[in-house]
Amino acid sequence: MISRRLLRIKVMKALYSHFQTEGESLIASQRNLLFSINKSYELYHLILHLIVDVADYAENVIEQRKTKLRPTEEDLNPNLRFVENRVISQLRKSSALNGYLSKNGLSWSKYPELIKKLFLNMSEKEYYSKYMNNTKCGYNEDKALVIAFYQNEIEDFDYLYEVLEEMSIYWMDEVEFITSYVIKTVNNMRQAQCQNEKSPDIVLMPLYRDEEDVEFVKELFIKSVVNYKQNISYIESFAKNWDVDRIAFMDKLLMLEALVEITEFPLIPVKVTLDEYIEISKYYSTANSSLFINGLLDRIAEDLMKKGKLHKIEKKTEEQNEK
């Protein structure tokens with residue numbers, strides 16, 4: 001599930017923590033890195049279940065309105081399309097999803113105000129109104145509503161970030177990544193093929209794409225730490241027109257990671273590595289870092305090539321797999 005880009009970001013954060021924390025061993029730092037990756041997987045399951053909690057809240061509101069002293073016609077005969085959404089029902093009944101959440105003690109039960117606000121925000125949106133009033137009512141329409149919820153209600157909702165910060169320090173800047181995996185999961189959901197068939201359980205994305213990704217993240221971190229001084233010195237040798245002491249520490253870590261990846265991972269094309277770290281620098285370093293890092297990494301790669309220190313193995317699909 002977790003892309004190489006997110007793994008690179010995880011390694012960057014682990015390196016920052018390792019070098020800023022005095023006395024922490026390499027083994028302990030690597031353990032924390034793998035723990036942070038597992039926390040991302042927890043967030044994936046939590047976000048995936050979020051629409052279920054919102055639908056359950058909506059159903060409770062409907063039931064409460066029926067018990068009013070003077071219920072209106074709308075109270076007594078409400079539009080049930082959202083609460084009976086078939087995709088949400090599949091998520092609600094999923095043994096895979098619920099089993100993971102139960103096993104790891106994960107839920108939104110302590111944050112009813114979050115669920116309420118999400119429902120109220122959604123209910124004011126045009127996509128929700130169109131869905132509720134659409135005469136066409138099928139599985140694809142149900143799926144489109146769920147996807148629209150994740151596309152419109154999650155990324156810029158400040159209160160959600162406040163809740164996530166309270167729940168875990170690992171989740172604050174991963175919502176966009178994780179939500180994209182949730183949307184992919186929903187997109188891949190399928191309904192029963194016939195009326196008497198039980199709805200199939202959803203297929204959850206695995207934590208890692210394959211064993212190569214597990215080894216990639218471990219080796220990238222270890223080799224970045226072990227050869228830190230030598231590689232940082234080499235990087236700084238290309239910053240002749242810069243005050244080395246003023247180069248942001250995060251910039252140095254990003255270039256360190258990139259250098260290790262260029263020299264130690266022969267299956268990953270240099271262009272893929274450079275593009276990935278330049279993109280990461282736009283989010284995790286200073287405003288001008290991407291240009292600075294781009295320039296230095298280009299010169300480093302050129303120097304390594306001239307010295308015959310780049311040994312890349314051709315692999316046609318690697319660039320697509322990396323992103």
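The values are calculated or read from the model by the stated rules, or taken from the named source; none is laboratory data. Computed from a predicted model, the values in this text were never measured in an experiment. In this analysis, Cβ positions are derived from the backbone assuming ideal geometry, glycine residues included, and neighbour counts consider all displayed protein chains. Quick note on the areas: whole protein, heavy atoms, side chains included, nothing else; ligands and nucleic acids left out. Shrake-Rupley method; radii C 1.70, N 1.55, O 1.52, S 1.80 Å.
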Extent along principal axes [Cα atoms of the range 143-272; Å; largest to smallest]:
70, 37, 26
May I ask you to give the solvent-accessible area per residue for the chain, in square angstrom, as obtained with a 1.4 angstrom probe?
54 Å²
With a 10 Å cut-off between alpha carbons and a GNM built on the chain, which of Ile178, Ile115, Ile27 moves the most?
Ile27
Averaging sequence separations of C-alpha pairs under 8 Å and six or more residues apart, then dividing by the length of the chain, give the relative contact order as a whole percent.
22 percent
List the trypsin sites (Lys or Arg not before Pro) within the range 32-114 that DSSP assigns to loop and that have no more than 13 neighbouring Cβ atoms inside 10 Å.
Lys68, Lys110
The chain: DSSP helices with Cα axial extent of at least 30 Å and average Kyte-Doolittle hydropathy no lower than -0.5
26-66
Got a sec? Charge dipole of the chain, +1 on Cβ for Lys and Arg, -1 for Asp and Glu; which of Ile147, Val225, Asn32 is way out at the positive end?
Ile147
What trypsin sites (Lys or Arg not before Pro) in the range 140-240 are in a loop by DSSP, with at most 10 other Cβ atoms within 10 Å of the Cβ?
Lys198, Lys240
What is the percent carbon and sulfur in the accessible area of the chain, measuring with a 1.4 Å probe over the protein chains and ignoring ligands?
49 percent
Could you grab the relative contact order for the range 1-147? Cα pairs under 8 Å, six or more apart, rounded to a whole percent.
25 percent
Quick check on my link table: of Lys93/Lys130; Lys271/Lys307; Lys66/Lys117; Lys103/Lys198, which ones sit more than 20 Å apart, alpha carbon to alpha carbon?
Lys93/Lys130; Lys66/Lys117; Lys103/Lys198
Give me the dipole magnitude in Debye, nearest 20, for the chain about the Cα centre, with unit charges on the beta carbon: positive for Lys and Arg, negative for Asp and Glu.
520 debye
Mind checking which of Thr179, Thr72, Thr263 has the largest fluctuation in a GNM of the chain, springs on alpha carbons under 10 Å?
Thr72
Students often get this wrong, so try it: which of (1) 32, 56, 12, 0; (2) 24, 40, 24, 11, 1; (3) 27, 47, 22, 4, 0 is P(r) over Cα pairs in 20 Å bins from 0, in percent as calculated from the structure shown?
(3)
Over the range 149-245, what is the mean sequence separation of C-alpha contacts under 8 Å (at least six apart), divided by residue count, expressed as relative contact order in percent?
14 percent
In the range 172-217, which chymotrypsin sites (Phe, Trp or Tyr not before Pro) fall in coil by DSSP and have 15 or fewer other Cβ atoms within 10 Å?
none
